[in-house]
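The values are calculated or read from the model by the stated rules, or taken from the named source; none is laboratory data. What you are looking at is a predicted structure, and each value in this text was computed from that prediction instead of being measured. Note that we place each Cβ from the backbone using ideal geometry, even for glycine, and neighbour counts take in every protein chain shown.
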Amino acid sequence: MGHDKPPEIDEAELQAWFADRIPEGWFSGPVRIAVDRDEILVIGTLPAEEGGADLAAPVRRERCEARITTHREETRQRRIEIATAAEARFERKVSWGARAGEFAMLFTHLSIPAMTRLRLRERKVLDTLVDAGVARSRSEALAWCVRLVGHNLDEWLGELRQALVQVEDVRRKGPSAQ
């Protein structure tokens, strides 16, 4: 993938596209799909297991991990076929994951480097996180900061994304530069 921005994706179209291709019974309902400029992440919830709620938390987790791993192996070939078609259609890599109970696992996902220039004050924040053992490197510390902001500002970021959609609509309706 180059530095060009890929085409916009209609999320309802994306959801329908995957719903048409994911075999019946793989998941207990519609998959959750997250998308950005580089990646489409598809996460489905496995059907509930009988009697799992009565087990101790470590045993439940172990059983959930085993169910997800089994699902991953059993669906591998078909997931590759679906991903290949989606990557050609939507011009993004496709990653997969599954959820069982309260546990989720990503099978594949991208880790995209993001270059940035930081001033001394900003580097000190990252170095403090590294020195305190929160992260192993500045890169990991920066990813931690981004996750923290995303977690704490989800509502605000959602409003900002919606505003960007409205700006794009206004741009499309405006006069052509040609």
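Structure data summary
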item	result
Thr45 vs. criteria surrounded by 11 or more Cβ atoms within 10 Å (Cβ to Cβ), among the hydroxyl-bearing types (Ser, Thr, Tyr) and outside the structural domain of Gly29 (by TED's automatic domain parsing)	no
Output for the range 112-158, where each listed residue is of a type in the set (S, T, N, Q) and either in contact with a helix residue (DSSP H, G or I) (Cβ under 7 Å, 6 or more places away or on another chain) or within 25 Å of Val94 (Cα to Cα) (or both)	Ser137, Ser139
Options Val31, Val94; residue that is touching an Asp or Glu at 6+ places or on another chain (Cβ under 6 Å), β-branched (Val, Ile, Thr) and either in contact (Cβ under 8 Å) with a residue 12 or more places away in the chain or within 20 Å of Val146 (Cβ to Cβ) (or both)	Val94
Number of the condition not met by Arg21 [criteria: (1) within 15 Å of the chain's Cα centre (by Cα); (2) surrounded by fewer than 18 Cβ atoms within 10 Å (Cβ to Cβ)]	(1)
Test result for Phe18, in the same structural domain as Thr69 (by TED's automatic domain parsing) and in contact with a Gly (Cβ under 7 Å, 6 or more places away or on another chain)	no
Residue selected from the range 83-119 under the condition under 17 Å from the mean Cα position of the chain (by Cα) and basic (Lys, Arg), by the criterion nearest to Pro6 (Cα to Cα)	Arg92
Positions within the range 61-82 being surrounded by 15 or more Cβ atoms within 10 Å (Cβ to Cβ) and more than 21 Å from the chain's Cα centre (by Cα), in sequence order	Arg61, Arg63
Search result, residues across the range 32-52 that are at pLDDT below 85 and touching a helix residue (DSSP H, G or I) at 6+ places or on another chain (Cβ under 8 Å)	Glu49, Gly52
